[in-house]
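**Student:** Take a look at this one; I'll ask things after.
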Amino acid sequence: MIPIGNEPDDDADDELIVNDRTCIVTREAGSPETLIRFVAGPDGQVVPDLKRRLPGRGCWVKAERALIDRAVQKKSFARALKTDAKADADLGATVDRLLAADLIGMMNMARKASQFISGATKVDAAVRSGGAIACFHASDAAADGIRKIDQARKAFKFGSNAEEEIPSFLLFTGAELDEVMGQNAFIHACALAGQAGEGVVKRANLLEQYRTGGLSQTKGVADMPKQ
C-alpha cells in the first residue's frame with residue numbers, strides 16, 4: 001500500500017482510474033472485495049455503492065477509512081467522476097455505518113439459517129469440533145471469556161495441523177450490539193460453515209480492513225490482560 005501523503009500526482013490518468021477497478025487515492029488495482037465503489041447521486045452528492053449496483057459512472061477507493069477521508073480532503077471524487085460531485089466531510093463515517101449495518105444484517109440472516117450461534121459454551125464447542133469458521137466477541141467482553149475461546153482456537157489449530165487459527169473479531173461493543181440486534185445481541189458468538197456463515201466472515205473482514213487498514217485488531221491469549 002502506498003502510504004497516505006505519498007500518493008502519485010493528482011494529474012494522473014483519471015480515465016484509467018474510473019474504467020479500471022483502481023483506487024483513486026493509491027492508484028492500486030484491486031478486486032471488488034477490496035474496494036468500495038462510489039457514484040454521484042441525482043443531487044450531485046457522492047454516494048457509496050456497497051453492492052456495486054447503482055447506475056452511472058463510478059469510481060473506487062480501497063476499503064480503508066483513512067483513504068476515503070483523504071479522497072474527500074483532496075476532492076478526488078469530483079475529478080474521478082468528472083462531475084461537480086460533492087463529498088460530505090463525514091463520508092468515511094457514513095461508509096463505516098453502512099458496512100457495520102451490512103454485517104449485522106448478515107449475522108441475523110446467518111442466525112436464521114443456523115449458521116451463527118452465540119453463548120460462550122456453544123462457541124467453545126463449535127471451535128473445538130472444527131465447526132466454527134470465525135469467532136466474534138463484544139469488544140468490551142471480559143478478558144477471561146475471550147481468553148478461553150482463544151485457547152480453544154489454538155487447540156483446534158494444533159490438533160488439526162491447520163496453517164492458521166480461525167479468525168476472531170472484536171468489532172462492536174456490547175452496547176452497540178444491544179442497540180442494533182436487540183434480543184439477538186451477543187457477548188461471544190461464532191459463524192459456522194455455509195453460505196450465510198461465510199457471508200458473515202466476508203463482511204467482518206471488510207469492516208476490520210476498513211477500520212484498521214489491514215492491521216488486525218484480533219486479540220489472542222498473549223494479548224489479553226490477566227484478571
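The values are calculated or read from the model by the stated rules, or taken from the named source; none is laboratory data. Just so you know, these numbers come straight off a predicted model, no measurement behind them. A quick note on method: Cβ atoms are made from the backbone with ideal geometry, for glycine too, and the neighbour counts reach across all protein chains shown. Please note that ligands, DNA and RNA were not included when accessible areas were found on the heavy atoms of the full protein model with its side chains. Shrake-Rupley method; radii C 1.70, N 1.55, O 1.52, S 1.80 Å.
**Student:** Quick check, is residue 77 buried (at least 16 other Cβ atoms within 10 Å of the Cβ) and either under 30 Å from residue 38 (Cβ atoms) or hydroxyl-bearing (Ser, Thr, Tyr) (or both)?
**Tutor:** yes
**Student:** Output the residues belonging to the range 202-214 that are open to solvent by 60 Å² or more (accessible area, probe 1.4 Å) and either under 14 Å from residue 137 (Cβ atoms) or of a type in the set (Lys, Arg) (or both).
**Tutor:** If the condition is that a residue be open to solvent by 60 Å² or more (accessible area, probe 1.4 Å) and either under 14 Å from residue 137 (Cβ atoms) or of a type in the set (Lys, Arg) (or both), then 202, 203, 211 are the ones that fit.
**Student:** Quick check on this structure: which one of 46, 72 is buried (at least 20 other Cβ atoms within 10 Å of the Cβ) and either of a type outside the set (Phe, Trp, Tyr) or at pLDDT below 90 (or both)? If you could, list the steps in order and put the result at the bottom.
**Tutor:** Numbers: 72 fails: buried (at least 20 other Cβ atoms within 10 Å of the Cβ).
So the residue among 46, 72 that is buried (at least 20 other Cβ atoms within 10 Å of the Cβ) and either of a type outside the set (Phe, Trp, Tyr) or at pLDDT below 90 (or both) is 46.
**Student:** For residue 101, work out the one condition from (1) touching a residue at least 60 places away in the same chain (Cβ under 8 Å); (2) among the small types (Gly, Ala, Ser); (3) within 15 Å of residue 186 (Cα to Cα) it doesn't fulfil.
**Tutor:** Unmet condition: (3).
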